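Take a look at the structure below.
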Amino acid sequence: MTVASPAASGNRGVLLEVRDLWIEGRADETWTPIVNGVDLTLRRGEVLGLIGESGAGKTTLGLAAMGHTRDGVRIKSGSVVFDGIDMVNAPASEKRRILGRRIAYVAQSAAASFNPAHRLIDQHIEAPVRHGVSSAKESRVDGVDLHRRLRLPNPDEIGFRYPHQVSGGQLQRAMTAMAMSCHPDLIVFDEPTTALDVTTQIEVLAAIRDIVEQSGTAAIYITHDLAVVAQMADTIKVLLRGDEVEEATTREMLAAPREDYTKSLWAVRGFKRPLKPAVRAGETPVIRLHGVTAGYGPVPVLFNVGFEMHPGRTVAVVGESGSGKSTAARVITGLLPPLRGRVEFDGEPLPPDYRKRGKDQLRQTQMIHQMADTSLNPRKPISEIIGRPVRFYSGLTGTAKRRRVDELLEQIELDPAVFRDRLPPELSGGQKQRVGIARALAADPKFVICDEVTSALDQIVAEGILKLLARLQDDLGLTYMFITHDLATVRAMADEVVVMKDGRVVERGPKDDMFTPPHHPYTDLLLSSVPEMDPDWLTGLLEARGRDNIGDAAVDKISGAELQ
């Protein structure tokens with residue numbers, strides 16, 4: 001067993017029992033199955049891992065365990081009993097008493113879950129105050145403590161920021177703290193570390209495990225990252241299109257999965273692009289950052305950053321949350337004019353402010369965003385989402401615009417007749433990300449920034465997106481800047497690698513050089529922080545580093561001189 005403490009194991013009564021659960025979703029007035037007769041038993045202090053590809057029913061089952069369904073979804077039959085309470089038929093008042101207090105939920109997309117108009121700490125204290133768990137003052141003190149345990153920077157102050165004033169990884173940790181604010185009996189974690197870099201992920205996983213051990217809290221851990229679930233779960237249940245494929249203890253599942261589908265999950269992510277020839281001497285880069293220092297207000301967050309990206313190649317920019325990866329992208333796109341330095345396109349300086357760039361300069365640099373859920377307008381059909389940049393950059397209208405939209409949908413391997421008139425909420429995560437790719441291609445760019453484009457996707461869907469991007473690069477001669485914390489993606493796609501830490505470039509060079517020792521100390525920290533398919537890996541890593549010397553604490557030992 002991975003997470004339960006001896007104290008918790010003494011109280012192993014059944015907390016949650018799901019029996020023969022059938023769930024349906026409505027599409028075009030027709031109800032179709034989503035979850036097909038699944039059973040689930042969870043004892044106090046246990047962690048159940050739910051894995052499977054996109055559309056398997058993981059999140060639907062996790063929400064149903066709370067007695068909740070999304071709009072357009074219904075529980076057809078079956079039972080969900082939480083600590084003796086029938087959550088399917090319980091009155092709304094009973095559910096309100098339980099949800100947030102005894103059952104908590106950590107969503108995948110923190111950016112879409114917080115109210116942007118309120119400070120983090122005010123949103124943190126809402127549940128414990130409303131449920132009578134503690135006073136506002138006590139909840140604030142507890143919030144600071146949880147922020148500290150989840151390794152948020154400046155825990156005494158960060159709660160007084162608004163959601164847009166912290167990084168995605170920090171926001172995800174703040175939401176995890178908020179779910180823990182009432183010290184619930186059950187927490188449903190829905191991909192809680194998807195948006196985190198590897199060093200931050202270790203901190204959050206360690207903190208979640210500690211809290212589960214100390215409190216005896218049970219958890220359902222939904223993820224597509226098999227190495228992560230190996231560190232967190234006592235038992236793993238595999239789902240495929242709403243059906244249960246198999247269930248076993250974590251060690252049994254890792255050692256000898258029985259079903260072919262489970263074995264295929266274990267074997268995925270074998271894609272790797274062939275190495276490209278070395279850059280020709282004297283070749284002009286498509287994009288070059290030269291001595292860029294940038295910040296928000298008077299506080300700089302990038303310091304004398306310089307690197308370049310050459311035609312038809314992929315440069316992966318890696319580093320932990322807050323290292324400056326996305327800030328560098330904002331400088332390139334002109335959204336954040338630098339304080340010093342410049343950005344060059346094809347050897348010519350770009351105006352630092354996008355509002356001073358010509359239409360052709362804007363067209364040449366496009367971005368594919370991390371969270372398709374928040375970057376696509378949910379009320380606009382796909383044809384309009386893709387058609388708007390087609391009209392803006394190419395001037396096409398009417399039949400010509402429609403024909404171009406259809407061509408772009410075919411390029412991203414979506415049938416125009418099926419997807420042209422659909423809305424984003426009607427698409428899977430992988431399909432929405434493909435639409436984001438098509439929207440970027442609609443401008444006919446030369447350079448594309450891919451900002452964590454696979455981090456929210458399961459491994460099978462992510463591999464399909466990487467293969468699509470590789471084919472598009474070959475067909476269209478695109479140059480990619482890949483912002484990522486997934487070193488498997490770096491291995492699959494990159495030609496060169498830029499490693500950033502605290503707004504500085506600490507290492508750069510060909511991909512093979514990065515993965516071949518000796519490494520810069522920070523690069524070595526990143527590589528050693530990638531989870532392995534071994535249930536003892538996290539425990540061993542924490543023991544090797546010391547529990548008070550993980551993640552940021554370990555990085556702090558790297559001297560300022562080494563970061564220059």
Requested in this report: Using the structure shown, decide if residue 156 is of a type outside the set (Gly, Ala, Ser), outside any loop (DSSP other than H, G, I, E, B) and closer than 27 Å to residue 206 by Cα.
Outcome: no
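Residues in the range 63-83 that are touching a residue at least 24 places away in the same chain (Cβ under 8 Å) and either surrounded by fewer than 16 Cβ atoms within 10 Å (Cβ to Cβ) or of a type in the set (Val, Ile, Thr) (or both): how many?
Total satisfying the criteria: 10.
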Report summary line: Filtering the range 228-263 for residues that are without any contact (Cβ under 8 Å) to a residue 60 or more places away in the chain and assigned to a helix (DSSP H, G or I) leaves a count of 7
Report task. Report yes if some residue within the range 465-475 is in contact with a Gly (Cβ under 9 Å, 6 or more places away or on another chain), without any contact (Cβ under 8 Å) to a residue 40 or more places away in the chain, surrounded by 19 or more Cβ atoms within 10 Å (Cβ to Cβ) and part of a helix (DSSP H, G or I); otherwise report no. Result -> yes
Query raised in the report: Do we have residue 333 as touching a strand residue (DSSP E or B) at 6+ places or on another chain (Cβ under 9 Å) and of a type in the set (Ser, Thr, Tyr) here?
Result: yes
Query raised in the report: Under the condition of being among the β-branched types (Val, Ile, Thr) and more than 20 Å from the chain's Cα centre (by Cα), which residue from the range 132-169 is nearest to residue 321 (Cα to Cα)?
Result: 158
Report task. Residue by residue through the range 481-530, note down the ones that are under 26 Å from residue 464 (Cα atoms), assigned to a strand (DSSP E or B) and not aliphatic (A, V, I, L, M). Result -> 482, 496, 510
Requested in this report: Identify, by number, the condition in (1) in contact with a Ser or Thr (Cβ under 9 Å, 6 or more places away or on another chain); (2) of a type in the set (Lys, Arg); (3) open to solvent by 40 Å² or more (accessible area, probe 1.4 Å); (4) modelled with pLDDT of 90 or more that residue 58 doesn't meet.
Outcome: (3)
Report summary line: Per the filter on the range 205-256, residues open to solvent by 20 Å² or more (accessible area, probe 1.4 Å), out of contact with any Asp or Glu (no Cβ under 7 Å at 6 or more places or on another chain) and modelled with pLDDT of 85 or more are 240, 241, 243, 244, 247, 251, 252, 254, 255, 256
**Report entry** Filter pass, residue 550 being assigned to a loop (DSSP other than H, G, I, E, B), surrounded by fewer than 20 Cβ atoms within 10 Å (Cβ to Cβ), touching a helix residue (DSSP H, G or I) at 6+ places or on another chain (Cβ under 9 Å) and modelled with pLDDT under 80
**Finding:** no
Report task. Spot the failing condition for residue 192; the list is (1) assigned to a loop (DSSP other than H, G, I, E, B); (2) open to solvent by 20 Å² or more (accessible area, probe 1.4 Å), and only one is missed. Result -> (2)
Requested in this report: Specify the residue that is modelled with the lowest pLDDT; the eligible residues are those in the range 84-108 that are open to solvent by 30 Å² or more (accessible area, probe 1.4 Å) and in a loop (DSSP other than H, G, I, E, B).
Outcome: 108
Requested in this report: With the checklist (1) β-branched (Val, Ile, Thr); (2) open to solvent by 10 Å² or more (accessible area, probe 1.4 Å); (3) assigned to a strand (DSSP E or B) in hand, flag the one item residue 449 doesn't pass.
Outcome: (2)
Query - Residue list for the range 492-514, restricted to those being within 19 Å of residue 199 (Cα to Cα) and open to solvent by less than 50 Å² (accessible area, probe 1.4 Å) - result: 497, 498, 499, 500, 501, 503, 505, 506, 507, 514
Query raised in the report: Looking only at helices (runs of 4 or more DSSP H) that fall completely inside the range 276-389, which ones have 2 or more residues that are under 27 Å from the mean Cα position of the chain (by Cα) and of a type in the set (Lys, Arg)?
Result: 325-333
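The values are calculated or read from the model by the stated rules, or taken from the named source; none is laboratory data. Keep in mind the model is a prediction, meaning the values are calculated, not measured. Because the Cβ atoms are built from the backbone with ideal geometry, glycine has one as well, and the counts that use them run over all protein chains shown. Just the protein is used for accessible areas: all its heavy atoms, side chains included, with ligands, DNA and RNA removed. Shrake-Rupley method; radii C 1.70, N 1.55, O 1.52, S 1.80 Å.
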